[in-house]
Structures are given as structure tokens and as C-alpha cells.
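The values are calculated or read from the model by the stated rules, or taken from the named source; none is laboratory data. What you are looking at is a predicted structure, and each value in this text was computed from that prediction instead of being measured. Ideal geometry is used to build each Cβ from the backbone, glycine not excepted, and the neighbour counts take in all protein chains shown. Heads up: the accessible areas ignore ligands, DNA and RNA and are worked out on the full protein's heavy atoms, side chains in. Shrake-Rupley method; radii C 1.70, N 1.55, O 1.52, S 1.80 Å.
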Amino acid sequence: MQPTDHPGVYKKNDRFFTINPENCKGIKVYNEQLITQDDTEYRSWNPYRSKLAAALLKGITFDVPSDAVILYLGAATGTTVSHLSDIITKGTLYAVESSPVAITSLLRVAEKRRNIIPILSDANHPERYQQMVPQVDLLYMDISQRNQADIFTRNIQRYLKQQGTGLIMVKARSIDVALKPKQAYEQVCSFLQKQKLRIHKTVELGPFEKDHAAIIVTR
Ligand SMILES: C[S@@+](CC[C@H](N)C(=O)[O-])C[C@H]1O[C@@H](n2cnc3c(N)ncnc32)[C@H](O)[C@@H]1O
């Protein structure tokens, strides 16, 4: 197992891994592979199941320190959330999810991983969770909705620290089925720039996620 340039992320045979916490040893979140080496248990990070793993393999830079505070919009059942939780051993991840069904599974993941705070809420209304969520270092969004760039921007304006990073996963077909994927990504970038956000990088996520891209921004 080799450390990578991304803190808390390891690599073996071209696959990424994160470290399973001591109190979660032997426990899988989504049937990922567990490998033990020198008394440490590593969880494989599947790029076909997690767009963040796909984005890392496609070359985004990912500098999330162990004490980072994260706001994650569209947490679903906790696949990607669980790997971020492994990475931010001294930080906190606020996980917003609007589906009561998905959040039931997320609650199970958060029972042992105490740095995850699940929030059943609609990211369209960032003011609804302002009592719980502080200013964050990373705002991550994976919600396939037509107005996802608008939701992302309004959450950034409310919650992202001035030096923080925003990462949005864009599904081209959710933006406009009539557009080619590249045009859809350009439309999102142009919207974000009009909201005074700086675009650092856009990477397409194929072959892991067809017609999806990850866009990194700062304020
Ligand atoms: C593509 S899935 C996320 C997968 C997850 N990010 C992962 O990698 O493990 C999108 C999730 O966003 C949720 N969602 C959709 N609209 C939402 C909204 N307005 N607010 C919060 N969650 C929303 C859906 O219920 C769904 O669970």
C-alpha cells in the first residue's frame, strides 16, 4: 500500500484505498474490499460507485486535511461520505440528504463514524440547516437536478469559508438533454463564473460515470 499525493488516500495496483477506523474494522459500507496490512485495515474506493474516486483517478487535486470541516449535499446512503469520513479523522462532515429512505442507511453508517452528522433536509433551502452547519473548508455536491449550479452557489455563499473549496459533480443530462455533455459543463461553468466563483478545473468522469464531470471552484 503506497501513500498518494492526496492526504489519507492510499494506492495499490492502481486502486485507491482509505483506512477503516479502528472501531469499524471488518465492517463494509457498500461491499467494498477490505485489505489488512501491518495491522491497518484499508477499504477499496470504487470509482464506479463514487464519483469522487473517479475524479481522483481522472486527475483532480484533492487536498483535504485530516481536520477539515465538510458540507456534503446529496449524501445518499453514505458511499462517498464514508471514505471522506475515513480521511478527516479529526474533522466533521455534515451530510445533507433529502430522501428519508437513503438517510436511514446513512444513519447506520454514522452510528460508528462519529464525525458524520446526517441532516435530513433539502439543499434547495440552505437556511433550513443553518443552526447545525458552521463555515466549512470543503463544500461537495452530488445532486442530479436541473438547478444544481444554483443550489451549489447558494450553499457556497452561506457556508464556504473564504479560502475554501467547492466541488460539484455535474450530470450533463440533468442540465439539458438537448445539449452535448461538454456544452452542459460549459453552461454550468459560465453560471458559476457569473456568481463570481473561480473555476479551477473540470474533469470528465468517463469511463467510470458516463456524461458526468467534476468541477472545482473557489470563491
Ligand atoms: C447521485 S446520488 C448521491 C450519491 C452519493 N453522493 C455518493 O457518492 O455516495 C444523489 C442524492 O441526492 C439526493 N438529493 C436529490 N435532491 C436533493 C436535494 N434537493 N437536497 C438533498 N439531497 C438531494 C438524492 O436523494 C440522492 O440520494
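Here are some notes:
- Within region 141-162, backbone nitrogen closer than 20 Å to the virtual label 7 Å beyond the Cα of Arg173 toward Cβ: 142-149
- Ordering of 73-86, 202-215 by packing [mean C-beta count within 10 Å, highest first]: 73-86, 202-215
- A dipole drawn for the chain from +1 and -1 charges on Cβ atoms has a positive end, and of Ala68, Thr18, Gln162 the residue lying farthest that way is Gln162.
- Amide hydrogen proximity for Ile88: with H placed 1.01 Å from N in the peptide plane, no residue at 5 or more positions away or on another chain lies under 5 Å.
- The 1.4 Å probe gives accessible areas that order Glu127, Glu32, largest first, as Glu127, Glu32.
- Descending by average beta-carbon neighbour count within 10 Å, the peptides 19-30, 146-157 line up as 146-157, 19-30, the highest first.
- Of the trypsin sites (Lys or Arg not before Pro) in region 99-140, the ones in a loop by DSSP (not H, G, I, E or B) with at most 12 other beta carbons within 10 Å are Arg114.
- Whole-Å distance, taken between Cα centres, linking region 90-135 and region 1-45: 23
- Beta bridges per DSSP with both ends in the chain, % antiparallel, nearest 5: 60
- Distance (nanometres) between label positions extended 7 Å along Cα→Cβ at Lys196 and Asp122: 2.8
- Shown are Tyr10, Tyr48, whose ranking by accessible area with a 1.4 Å probe and every protein chain present, most to least, is Tyr48, Tyr10.
- For region 82-96, Karplus couplings with θ = phi - 60° (6.51, -1.76, 1.60), whole Hz, Gly/Pro x: 5, 6, 5, 4, 4, 6, 8, 4, 10, x, 9, 10, 8, 10, 9
- From phi via Karplus (6.51, -1.76, 1.60), per-residue ³J(HN,Hα) for region 172-189 in Hz, x at Gly/Pro: 4, 5, 6, 6, 6, 5, 7, 8, 6, x, 4, 5, 5, 5, 5, 4, 5, 4
- Other-chain or far-sequence residues with amide H under 5 Å of Ile116's (modelled H): Leu93
- Rg over Rh [alpha-carbon atoms, Kirkwood Rh] for region 1-43: 0.94
- 3J(HN,Hα) couplings calculated from phi for region 45-57 with the Karplus curve 6.51 cos²θ - 1.76 cosθ + 1.60 (θ = phi - 60°) are, in sequence order, 10, 7, x, 7, 10, 10, 5, 5, 5, 4, 5, 5, 5 Hz; Gly and Pro show x.
- Taking the Cα centre of region 81-189 as reference, the dipole from Cβ charges on Lys and Arg (+1) and Asp and Glu (-1) amounts to some 140 debye.
- Computed over protein heavy atoms with a 1.4 Å probe, the accessible surface of the chain works out to 48 Å² per residue.
- Spherically averaged projected area of region 47-218 from its Cα convex hull (nm²): 9.0
- Within the straight-line cut-off of under 29 Å between alpha carbons, the lysines reachable from Lys180 are Lys51, Lys58, Lys171, Lys194, Lys196, Lys201, Lys210, sequence neighbours fewer than 8 places apart in one chain being disregarded.
- For Val101, solvent-accessible area (1.4 Å; no DNA, RNA or ligand), Å²: 110
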